[in-house]
Every structure is written in structure tokens, then in C-alpha cells.
Amino acid sequence: MTTDPTSPAQPFEIFLVAAPGLEAVLCAEARDRGFTNPTMVKGGVTVTGGWPEVWRANLELRGATRVLARIASFRALHLAQLDKRARRVPWAEILRADVPVRVEASCKASRIYHAGAAAQRIERAIAEELGAPIVKGASKPTGKTAKGAAEDPGEEDTRAVQIKARIDDDLCTISVDSSGESLHKRGHKEAVNKAPMRETLAALFLRQCGYDGREPVPVVDPMCGSGTFVIEAAEIAAGLKPGRSRSFAFEQLANFDPALWRSLRGSGTSTPPAVRFYGSDRDAGAITMSRANAERAGVSAWTEFSHHAISDLTPPDGPPGLVIVNPPYGARIGEGKSLIPLYHAMGHTLKTRFAGWRVAIITNEAALAKATELPFGEDEVSVSNGGIKVTLYRTGVLG
Ligand SMILES: C[S@@+](CC[C@H](N)C(=O)[O-])C[C@H]1O[C@@H](n2cnc3c(N)ncnc32)[C@H](O)[C@@H]1O
């Protein structure tokens, strides 16, 4: 074992999961938030720290999908060795005997190649060394549990702490998922419309557009749906922590310190931003939803939502800023042809009325971006949003 995450003083590796394609943006955010040694790797960013940094990463990072605490790593050449070494992990210092655990394993380029068998060895080590109930299955409640499991498998499933074992080149790395539900669930959005942008992606796209809330820059989303971009931008400007309204899996771990957590989370105070954040949509239901979501997020004083089509969009009074929009797109490449007139009209509106502003569009077809006739730069960023590959197209300041 290289580091000891059970010792409060000793730093260990913390893995911040990022949407593939946006690792560099998350790395910049981690650096900005003062995390130690942020290093970009495939699928995420590593930083070093102790448990308070694990909690802070969950609380403060807008772009991380989840936060994994790497609790052990050892070589395992065969299942008997995995079994023996997994038993030496000081489980009782991290997990609680009364909280169910689910183990997920993966194997790559290793002598141990059967992920199911590897997971079973680790489950058995936890069950026998600690006595925690084991939940079987990938993510849905299955009801198949080891002895000692809670009676209601549904409830047990939602409470289960997830252990992830990755065996790569015969090296087994064991992590605890400290987040639980994906971090895009900020905990204050109940209403969602079709194809919502995940908050984590929205935050990384805003950052990729140079928006970090430090400059008093208004943000406009003229097809705002449930209001994701507008609410994220307002929260960033107000200095609100993204995880302030939700709970996390780490609260169920043996080493959780409620008093320290309360002081880290703070009072949730905000700094009223100097500018406003605007959303509009042609769908009246989307506007009702956005307002309700903004209210729950505590940003309704700084956001304005209006019901109209993009053809009626005009820039708000005040300084120019950023238009960021995620228009409708076809699920598969080529399906979006019928949307070309909409993209063309949107481009025309923005070019003719938004001089001095910057524009960012997220869509899944280059032909749709091209139909706007906006002067996008070459530095596109592509990422998967709910299984669809989408690309961020950005202009400089419009003339
Ligand atoms: C992909 S959704 C946007 C999702 C949004 N980013 C969110 O996170 O919820 C596209 C939105 O564009 C709106 N829309 C489509 N055509 C429009 C138009 N001509 N004017 C204004 N809004 C339009 C739809 O009503 C829909 O809410």
C-alpha cells in the first residue's frame, strides 16, 4: 500500500471523475480551488489530500461527476492473493458494519481476468473482516444480499456505499465512492424537461468559455429548458457551493466527522452578483420549471426567465456578456436536417443583435453549427452528454 487513507494526517490519492473530453477543464477548476497536485489523467483528475479534501471536493467542485478516495493499492497475481490482501485493508477504519456495501470490479491486462470473481473475493473480505452487509448487482436493487443484510432491499440499495476495485496490469486499486449519487444532482432541481444538460457539464462548458464568475458578465440562454446554464452561472457568480443542498456517501463512512463537515460546508452565504442571468424558451412549461429550479437553488433574485421564441430575443440592458445555448438536436447524426432553419435563424438573431457578446453553442452535428453562420473558432471540445456526443462551438466577441 503506497499511502494510508485511514490515517487522518497522511495524504492519499483522490480521483475526480470527469466527463471524457473535459479532464483539462476539471483539472483547471481543481487547481483554482486550491487542491494539491491536480494531474489530468484519462477519465478524470487526480489530486492528493486527506478526507477533509475528499469532502471539500464533493462540496465545491462543479465539474466533477464523482469523487473516489483511493484507499488501497497492492499487487494481486491470483485470486488467493487478492483474497489475502483484501483482508488486510483496514476496512473498519473506513466502512461501517451497519452500512451496506456494494463492490464493483474491473480487470484489464491482468492475470486475474474475471471481474465477478475478483468482486466476490473483496465482498467476502469485507463481510468476514467487518461484518457489513453486501449488496449484489450493478446498480438497481436486486434483493439478493449476503447474510446480515437489511430487510428492505430497495432502501438498502440507496444507502449502499460503493467500493470500486480496478485491477490493471496486476495492480489492484481499491477506491470508495465518496459521492453516492452523481454530483450533477445538486439537490435543488426537481423539475427537468426533455434533454436537460447535466449541471457538471454545464459548469465545465461555462468554464471552457472563460466564465468563472470573477468578471461581472451577464449570461443569456435563449433556449434554457430547465434553466441549467442560467442557474449554474448565477450560482458561480454568487459564490454558492454546488454541493450545499445535498447529502453524500461519505456521510455514511466510519471516519465521518459531522462537526468538521458542518464547519467546511459553512453557512451557505452568497455574494449578490453585480449582473443578472437570463433564460428564455418558447415552451411556457420550461419557464415555469426554470423559475421553480432557480427558487430552490436560491438564485431567483439574480435570474430572469421569460417566455418567448429566440426570434424575439434582444440583449438585456447593461454590459455585453456570454450567450450559451444548447438547442434541440437529432439523436443520431443526420437526423438534425430539419433543424437547419432553426439554427440558421438563431445565428441570424445573434449576429444582428448581439454585437459585443460572445456565443457558445452545444450541438451534436457540425452541419447544425455551420448553419448558424457564426464565426466559431477551431478549438472545439467534444464530450458525451447522456450517450450523445456533443461539441462546444465558441465565437470570440461578435463585431
Ligand atoms: C435541448 S433543450 C435545452 C435544455 C437545457 N439546456 C436544459 O438544461 O434543460 C432545447 C430547448 O430549446 C427550446 N426551443 C426549441 N426551439 C426554440 C425556439 N425557436 N425558441 C426558443 N426556444 C426553443 C425547447 O423548448 C427546449 O427547451
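The values are calculated or read from the model by the stated rules, or taken from the named source; none is laboratory data. Remember, predicted model here, so these are calculated numbers, not experimental data. All Cβ positions, even for glycine, are placed from backbone atoms using ideal geometry, and neighbour counts span all protein chains on display. The area values use the complete protein model at the heavy-atom level, side chains included, leaving out ligands, DNA and RNA. Shrake-Rupley method; radii C 1.70, N 1.55, O 1.52, S 1.80 Å.
Values as computed for the structure displayed
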quantity: In the range 295-325, the residues that are outside any helix (DSSP H, G or I), within 12 Å of the ligand (Cβ to nearest atom) and open to solvent by less than 30 Å² (accessible area, probe 1.4 Å); calculated: F305, L313, I324, V325
quantity: Pick from the range 326-360, criterion within 11 Å of the ligand (Cβ to nearest atom) and aliphatic (A, V, I, L, M), ranking: least open to solvent (accessible area, probe 1.4 Å); calculated: M346
quantity: Candidates K185, K194 - the one that is in a loop (DSSP other than H, G, I, E, B) and more than 9 Å from the ligand (Cβ to nearest atom); calculated: K185
quantity: Search result, residues across the range 46-56 that are touching a residue at least 60 places away in the same chain (Cβ under 8 Å) and crowded, with 20+ Cβ neighbours inside 10 Å; calculated: W51, V54, W55, R56
quantity: Complete set of residues in the range 341-360 that are in contact with a Leu (Cβ under 8 Å, 6 or more places away or on another chain) and either closer than 23 Å to R198 by Cβ or at pLDDT below 95 (or both); calculated: Y343, R358, V359, A360
quantity: Test: residue in the range 162-173 that is assigned to a helix (DSSP H, G or I), modelled with pLDDT of 50 or more, over 26 Å from the mean Cα position of the chain (by Cα) and among the aliphatic types (A, V, I, L, M); calculated: no
quantity: Which numbered condition V41 fails, given (1) buried (at least 19 other Cβ atoms within 10 Å of the Cβ); (2) at pLDDT 95 or above; calculated: (1)
quantity: Qualifying positions in the range 107-133 - assigned to a loop (DSSP other than H, G, I, E, B), touching a helix residue (DSSP H, G or I) at 6+ places or on another chain (Cβ under 6 Å), of a type outside the set (G, A, S) and touching a residue at least 40 places away in the same chain (Cβ under 8 Å); calculated: I112
quantity: Qualifying residue in the range 267-280 (condition: within 16 Å of the ligand (Cβ to nearest atom) and out of contact with any helix residue (DSSP H, G or I) (no Cβ under 6 Å at 6 or more places or on another chain)); calculated: yes
quantity: Residue match in the range 290-302 (condition: more than 27 Å from the chain's Cα centre (by Cα) and small (G, A, S)); calculated: no
quantity: Condition met for S290 (touching a residue at least 12 places away in the same chain (Cβ under 8 Å) and within 30 Å of G50 (Cβ to Cβ)); calculated: no
